[in-house]
Amino acid sequence: MSSNEINRQFRLAARPKGMVKESDLSYGESPVPIAGPGEVLIRTRYVSLDPSMRGQMENRADYVAPLQIGDVMRAGAAGEVIESNNPRFPIGTLVSGSFGMQDWCVSDGNNIPLRTFPPDIDPVTALGVLGGTGMTAYFGLLEIGQPRVGDVVVLSGAAGATGSIAGQIAKLKGCFVIGIAGSAEKCRWLIDDLGFDAAINYKAQNVGEELDRLCPNGINIYFDNVGGEILDTCLARIAMNARVVICGGISRYNTTGPIPGPRNYFNLVYRRARMEGFIVIDYARRFGEASREMKEWIDAGLIKHQATVVDGLRNLPKTLVQLFEGVNTGKLMVRVD
Ligand SMILES: NC(=O)c1ccc[n+]([C@@H]2O[C@H](COP(=O)([O-])OP(=O)(O)OC[C@H]3O[C@@H](n4cnc5c(N)ncnc54)[C@H](OP(=O)(O)O)[C@@H]3O)[C@@H](O)[C@H]2O)c1
């Protein structure tokens, strides 16, 4: 590390009102932190953009503590150990963890838990399909969805990081897979490149009419990433004993005021169905086993993954806004220059 290095950082400047704005984050510079006893100094190479970051900007405790104004913006990232006072993580070790929107951070491996990855896995893969969103797809679909051969599986947010992987796992399990996504190009990608059976462009097509045409006998698994109207449309079409996997609800993350509940939830009773949410970190002990299986599928060409990578740490706020505008196909991340 050269002596003129600085730590560029984005901090929470304001709690978003409605749609998150670039000005909700403020840029600053500070000295590079010093690794104390038992600690390592990590240089960030890639920063992940995740919908949950919007919730953490609010003053609301849910499954993680809210950020305070002035805190470094929390973000998943991948990087490299540059200095080490910890034999578990020698210099050069590649690591991922919640390093935040900044060039440098220090960790003793516990205050910011570190996952290591080998040099033959690129950081984009480590953060994406073998990282949080890949694990979310894996456990959400397999543990909560419990797919069976012949099931009709419908996924919203299907061309995003989580949906694109969950849909391919459903194909591997012998399901008929329908993706819902926000452009014709994303729908083409789902069918032509990822092998989905069908896709619906929710911005241009009537989702209910398309589902009635594509799966007249109903939906066995609905993997929900968006909530809102699309959740309601799918609830109206669940089959007997369906599983509704509540993974996320991005359509609600930037709204203000009370959010209407699903109107069609009573179909869960008529169809003896189950609707269940989950948080991926509850499966952390099994990430090793799941990423090994995922890697086997990738190596065998059974799972494809893609990332939208934006260059430059200074573009982090703009890219966070664009996540909610659907800029990404697959995983969205920023490469730190
Ligand atoms: N339960 C868990 O543990 C867990 C863990 C990770 C993520 N999640 C959730 O999983 C979901 C997907 O996360 P991800 O990281 O994979 O993000 P992502 O799907 O890669 O990116 C977000 C996508 O959502 C779509 N979108 C944005 N606003 C929308 C709206 N109002 N209505 C419908 N679609 C909208 C956009 O695609 P279009 O072009 O298709 O609109 C955008 O590309 C999120 O809800 C997230 O909170 C849950």
Point to revise | Cα principal axis extents for the stretch 132-281, largest first, Å | key: 38, 36, 32
Point to revise | Alpha-carbon spread of the stretch 172-213, three principal axes, descending order, Å | key: 28, 22, 10
Check your understanding: Considering lysine pairs in the chain that are 8 or more places apart or on different chains, how many have Cα atoms under 28 Å apart?
Key -> 29
Study note, to complete from the structure: Using alpha-carbon coordinates alone, the radius of gyration and Dmax of the stretch 18-82 in Å work out to 14.1, 43
Study note, to complete from the structure: Along the dipole axis of the chain (charges at Cβ: +1 for Lys and Arg, -1 for Asp and Glu; origin at the Cα centre), the most positive-end residue among Asn86, Ala35, Leu320 is Leu320
Review point. Counting only Cα, what are the radius of gyration and maximum Cα-Cα distance Dmax of the stretch 198-337, in Å?
Key: 18.0, 54
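Kindly rank 249-260, 48-59, 224-235 from highest to lowest mean number of other beta carbons found within 10 Å of each residue.
224-235, 48-59, 249-260
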Practice item. Could you estimate the translational diffusion coefficient of the chain from the Stokes-Einstein equation, with Rh from the Kirkwood formula over C-alpha pairs, at 25 °C and 0.890 mPa s, in whole µm²/s? Key: 118
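Read the figures in this text as sums done on the coordinates, not as results from a lab. Bear in mind the structure is a predicted one, so any value in this text is a computation, not a measurement. Cβ atoms come from the backbone with ideal geometry, glycine included; neighbour counts cover every protein chain shown.
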